[in-house]
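**Q** Shown below is the structure under consideration.
The values are calculated or read from the model by the stated rules, or taken from the named source; none is laboratory data. None of the values given here were measured: they were computed from a predicted structure. Cβ atoms come from the backbone with ideal geometry, glycine included; neighbour counts cover every protein chain shown. Only protein heavy atoms, including side chains, enter the accessible area calculation; ligands, DNA and RNA are left aside. Shrake-Rupley method; radii C 1.70, N 1.55, O 1.52, S 1.80 Å.
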Amino acid sequence: MQFAYDFVTNWIVENDTASYQYFDAQVNLLKSYLNTYTPAYNAAAEATLTAADKAKATIESLMAEQKAALISEIKDEATVKEYAERLNNVVALAEMQNIYDNPDATDYTAFIKNPKLEAETGWTFSKGNGNTNTTSGQWLDGSSTRYIDSYNSNGLTGYIASQLITGLPNGTYTVGVYTRTPAEGAYIFNTVGDNTTYVEIPLDYYMGTNEEGEEVQMIASDNHGPIWEAAKAAYESGDYTDDEYTIYTINNVEGEYIGRGWKHQEMAGIQVTNHELTIGTCAGSEALQTEKVFAGNWYSVGGWTLTLTEKGDNTGWEGPIADGIDAVERTAAQADGIYTLTGVKTNKLQRGVNVIVNGGKTMKVIMK
């Protein structure tokens, strides 16, 4: 930060006739160091405090490499963002390595990027004719938690969301997720190698009153639902937790609590043998060869978890860092190129001083 501050301050002093637009561009370089990279660097430093030796050494090595590069020449905003992403990825790998190195660990949810859809990074979406990838507003406890969801009033088709999990120890796993649907034909799935297993999101029902005042069985879509029903039963028994009270009372319509429709599903017995697992959800279709075609306008999925239930054969495999660091290094190579002294990336050498970055190393070349 001091380097970036000094650079921009000196530039301002030496360029008192520059335009506001160019001035703002220089200030944005400083902001990228402050708002983009510094939080990533501080998070990485904090991660080293609890990381095991191998993970700690990996993080500290990258921090030192990036620090040297960032204070050798000012970097443009795109490069700073790439550095921050690379550092975040290594910290995530270190957390995964720590889990793998713990012989008693069973919760492998950290291997999923954004399991609660905190962001869409890590997930691949095909909206089909839907209107969104994700949304929020009707989570089971009323929080702002995001979840996979899309809508089309004429019927949702072609919607798929998935994530390839890499660097995963071989073994047997259970995938957990919260779901709700108003119609048949919505699925969650897992893929190992060439084999995909589709698990339909089942319909849930409750007894309600129709427009004629008759008590009939109704589908629990965005209301009622097994989680809400359990919270209601606990509340009515007088023996309930704060979370159960929140879930039961979260959605009040005309003085009546009606819930949000959520349930919890699991896909158990998933055998990973090549350190990779794909998880996802889709609107059933003929193209995907699912048993049913989705018959609704929307459905929702969120809050993924991953649990190791039985260890597999990992002989000769050193863990997520060894498996994933090459990918991180390839990302870093994207920063290679030719830069001006102000950190602007160019396609060719410019007249004056050029900074050439190659494999994380920099050198200056003067073009006359």
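**Q** Sort out which residues of the range 50-64 are touching a residue at least 12 places away in the same chain (Cβ under 8 Å) and either more than 14 Å from residue 40 (Cα to Cα) or among the basic types (Lys, Arg) (or both), and write them in order of number.
**A** 50, 51, 52, 54, 55, 56, 58 - these are the residues of the range 50-64 that are touching a residue at least 12 places away in the same chain (Cβ under 8 Å) and either more than 14 Å from residue 40 (Cα to Cα) or among the basic types (Lys, Arg) (or both).
**Q** Check 281, 346, 273 and return the single one that is within 24 Å of residue 173 (Cα to Cα), open to solvent by 20 Å² or more (accessible area, probe 1.4 Å), at pLDDT 65 or above and of a type in the set (Ser, Thr, Tyr).
**A** 273
**Q** Can I ask one more? Pairs please, first residue from the range 127-143 and hydroxyl-bearing (Ser, Thr, Tyr), second anywhere and buried (at least 18 other Cβ atoms within 10 Å of the Cβ) and part of a loop (DSSP other than H, G, I, E, B), Cβ atoms under 7 Å, 6+ apart in sequence or on different chains.
**A** Short answer, once both residue conditions are applied: 134/117; 134/146; 135/146; 136/146.
**Q** Run down 214, 244, 256 and say which single residue is of a type in the set (Asp, Glu), touching a helix residue (DSSP H, G or I) at 6+ places or on another chain (Cβ under 6 Å) and either open to solvent by less than 60 Å² (accessible area, probe 1.4 Å) or farther than 20 Å from residue 183 by Cβ (or both).
**A** Step by step, each of 214, 244, 256 is checked, and only 244 is of a type in the set (Asp, Glu), touching a helix residue (DSSP H, G or I) at 6+ places or on another chain (Cβ under 6 Å) and either open to solvent by less than 60 Å² (accessible area, probe 1.4 Å) or farther than 20 Å from residue 183 by Cβ (or both).
**Q** Scan 84, 78, 105 and give me the residue that is touching a residue at least 24 places away in the same chain (Cβ under 8 Å) and either open to solvent by 40 Å² or more (accessible area, probe 1.4 Å) or part of a strand (DSSP E or B) (or both).
**A** Criteria check complete, one pass: 78.
**Q** Answer with yes or no whether residue 204 is at pLDDT 95 or above and exposed (fewer than 15 other Cβ atoms within 10 Å of the Cβ).
**A** In short, no.
**Q** Which residue pairs have Cβ atoms closer than 7 Å, lie 6 or more positions apart in sequence or on different chains, and pair a first residue in the range 22-38 that is in contact (Cβ under 8 Å) with a residue 60 or more places away in the chain with a second residue that is small (Gly, Ala, Ser)?
**A** 29/4; 29/343
**Q** Shifting gears a bit: Hey, any hits in the range 231-245 for a residue that's of a type in the set (Val, Ile, Thr) and more than 30 Å from residue 93 (Cβ to Cβ)?
**A** For the range 231-245, residues of a type in the set (Val, Ile, Thr) and more than 30 Å from residue 93 (Cβ to Cβ): present.
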